[in-house]
């Protein structure tokens, strides 16, 4: 099952984490086949939030919400179950100064395809 591990931390603490630690952990879980994708994000100050309201695009500079911890990156992992996903997430270095939100991926494409296939059956 696929899980997204969202890395949150107070950007002021980012310098407490050596980039080398993050890259080494990433390499280890990629080698195991459990990491499907991962990236660090630029500062929340570089964010742009896009909304559509009444058919019009509204753009706001900055993050979606003001929080103490900001989204700093993500890991898309493949784990047998939530317990394994938590074990993998607990090794992500930013967990030492922030937190990792683990969320299962909703297989929306498979669900829609199955519903369409079922609808098209005679």
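The values are calculated or read from the model by the stated rules, or taken from the named source; none is laboratory data. Model, not experiment: these values are computed from the prediction. Backbone-built Cβ (ideal geometry, glycine too); neighbour counts: all protein chains shown.
Scanning segment 69-87 for residues being over 30 Å from residue 12 (Cα atoms) and part of a strand (DSSP E or B) gives a total of 1.
Selection over segment 23-66 of residues that are at pLDDT 95 or above, touching a helix residue (DSSP H, G or I) at 6+ places or on another chain (Cβ under 9 Å) and closer than 25 Å to residue 12 by Cα gives a count of 3.
Please find, among 3, 8, the residue that is at pLDDT 95 or above and assigned to a strand (DSSP E or B). Lay out the reasoning, then the answer.
Numbers: 8 fails: at pLDDT 95 or above.
Among 3, 8, only 3 is at pLDDT 95 or above and assigned to a strand (DSSP E or B).
Considering only segment 14-68, how many residues are on the phi < 0 side of the Ramachandran plot and assigned to a loop (DSSP other than H, G, I, E, B)? Number satisfying all stated conditions: 14.
The set of residues in segment 21-52 that are loosely packed, with under 14 Cβ neighbours inside 10 Å, touching a residue at least 40 places away in the same chain (Cβ under 8 Å) and over 21 Å from residue 96 (Cβ atoms) contains only 33.
Among what's in segment 88-114 and is in a loop (DSSP other than H, G, I, E, B) and at pLDDT 90 or above, pick the residue that is surrounded by the fewest Cβ atoms within 10 Å (Cβ to Cβ). Among them, the one singled out is 106.
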